[in-house]
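A.B. asks: Following this message is one structure expressed as structure tokens.
No lab work stands behind these numbers, since they all come straight from the coordinates. Keep in mind that this is a model prediction, so the values were computed, not measured. Neighbour counts are summed over all protein chains in view; Cβ atoms, including those assigned to glycine, are modelled from backbone coordinates with ideal geometry.
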Amino acid sequence: MAMATGAERGRRRRRRRRRLGAEDEGEELVDRISHLPDGILGDIVSFLPSKDGARTQVLSSRWRPIWRSAPLNLDLIGPDFTGKRLNAGDVSRILSAHQGPVRRFCTRDMYYGNGDGSAALDGWLQSSALDKLQELKFHRGISSQHPPPQLPASVDRFSSTLRAASIGGCSFPEGNGVSPLQLPLLKQLSLLDVRISETSLYALLASCPALQSLLLSDIKGCSRVQIVSPNLRSMGLRHGFSDTDLQELIIEDAPCLERLICFEKYYSMKTTVSVISAPKLHVFAPLGDHDIGEAVGSVTFQFGSTVLQRFGILSLTTVVHSVKFLALTRWDLCLDMVINFLKCFPCLEKLYIKTPGGSREKNTWCRKYKNLIGTIEIRLKKIVLAHYRGNASHVNFTKFFVLNARMLQSMRLELHGNPGSAWIERQHGLLQIKNKASRDAQFDFVASNKPLWAFDAFAEQVHDLSTTDLDMIPYNNHRNPFS
């Protein structure tokens, strides 16, 4: 047999590659997902938002009946999958046509039709499609109506199934003959712009023994709230502008509480948060969406006899050893303030600061803290400084930790835009990174355009117990807090 020439061997190799490529392409075109059992396909569709789940009907005749019988996540915020904005009639038709159970029902006042929509909402909640409802979110959004619409009585029928609830823009019924909601399986609760008495709120929380996360925002009708909760792990607070809003939050007994997150609004009413017993509290985040000075500081925190606000320590008599992670917003970066926080929280390991403002503070420290450096133990392992500008104030602040934080593992300096490698190299020199106190510390300059702490991200963080660092959540001012 004659030996094949080099050209012939090349042609054979090309034909073999084309044949194998065609086989691989055919393998990729095989629709393996559609061969799964209906139950599994239904579970897949049930995890999709309602608009995306409805779109699966156009894939093929195999998929057409899946969405109608699968457990439904009905999200009525925004237009439907055709771009049309849903109305009250559309919602009623979806509930009557859907053959499977509804796991999640999320709506707002814009879909209720004429009037305050009480009848429409109550009718939806009584639909048999919602018999096994696990997550309920609605916000009436009628802040100008006095009094606001009553909480639909039909909410009570979900006591044996509901796991998460976000209730907004309504008032809770009062009176001797009114029984509180009984929600023994509820793990997440948000009360937004609601009117509720102190007695009713205390009774509501007492009827939720499995509660793990609680968000109170713009609560009216009770000036004082006392938290006694055996399983609560995360607590969020945003207070309002009215003198009828919450003025005092007392964490009386929360043995499992891990996070305390407060969001401060501009010119809010003064509020006091007292932490009496929360031995596992390790995340403390006094946040805000603005600059706030000492004259208008609106939230005061008390840990025993120690009193502090977001801008600094007012009275330091005892220390809090449990707090390991501190997140702050401060318009003007201030080293004195942070050092005082380190004294208050001596076991602090992670520090996150957003500082979008200017640089009034010089933050010079070589002489001022010459004697302090040898006495204070800085246990910080991770520092994130958002909106780092690289000016003298920010350099002095950062350099303090570069040269003195001996346990530091990483420092991330988030910049607006990308200043270029030459600027970053110059910053390395100004910060004296070659002389860093921690040999293993990593320093990263990261371009970031994150906005300030937005309320929707704050609300998400309160309930997302899977995350550990507040700086890892995605911020977007346009996301809806009820989605």
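A.B. asks: In nm, what is the difference between 0.36 nm times the number of residues separating Gln302 and Gln432 and their Cα-Cα distance?
C.D. replies: On the way: separation 130, 0.36 × 130 = 46.80 nm, distance 3.77 nm.
Between Gln302 and Gln432, full extension yields an extra 43.0 nm.
A.B. asks: Enumerate the whole-percent occupancy of each 10 Å bin, from 0 to the last occupied one, for all C-alpha pair distances of the range 403-452.
C.D. replies: All Cα pairs considered, the percentages come to 23, 48, 26, 2.
A.B. asks: Taking θ as phi - 60°, what are the ³J(HN,Hα) couplings along the range 397-408 by the Karplus curve (6.51, -1.76, 1.60), each to the nearest whole Hz, with x for Gly and Pro?
C.D. replies: Each residue's phi maps through the Karplus curve to give 4, 5, 5, 4, 7, 4, 8, 10, 8, 6, 9, 4 Hz.
A.B. asks: Further question on the same structure: On a full-extension model of 0.36 nm per residue, what is the gain between Asn418 and Asp156, subtracting their alpha-carbon distance, rounded to one decimal in nm?
C.D. replies: Details: separation 262, 0.36 × 262 = 94.32 nm, distance 5.34 nm.
89.0 nm is the gain from fully extending Asn418 to Asp156.
A.B. asks: Trp124: net charge of surrounding residues, Cβ under 12 Å, Lys/Arg +1, Asp/Glu -1, itself excluded? Don't jump to the answer; show the numbers that get you there.
C.D. replies: Details: positive: Arg93; negative: Asp90, Asp122.
Result for the neighbourhood of Trp124: -1.
A.B. asks: Shifting gears a bit: Nearest 0.05, what FRET efficiency do Ser128 and Asp464 give at R0 = 45 Å with Cβ-Cβ as r? List each step's numbers first, then the result.
C.D. replies: Working: r = 32 Å, r/R0 = 0.70.
Given R0 = 45 Å and the Cβ-Cβ separation, E is 0.90.
A.B. asks: For a quick check: with amide H placed at 1.01 Å from N, whose amide H comes under 5 Å from Leu314's, ignoring anything fewer than 5 positions away on the same chain?
C.D. replies: Val307, Leu308, Gln309
A.B. asks: If you don't mind, another one. Beyond 28 Å between alpha-carbons counts as too far, so tell me which of Lys381/Lys434; Lys270/Lys368; Lys132/Lys220; Lys280/Lys343; Lys382/Lys434; Lys187/Lys220 fall in that bin. Present the calculation step by step, with values, prior to reporting the outcome.
C.D. replies: Working: Lys381/Lys434 18 Å; Lys270/Lys368 33 Å; Lys132/Lys220 31 Å; Lys280/Lys343 19 Å; Lys382/Lys434 18 Å; Lys187/Lys220 23 Å.
Over 28 Å apart, Cα to Cα: Lys270/Lys368; Lys132/Lys220.
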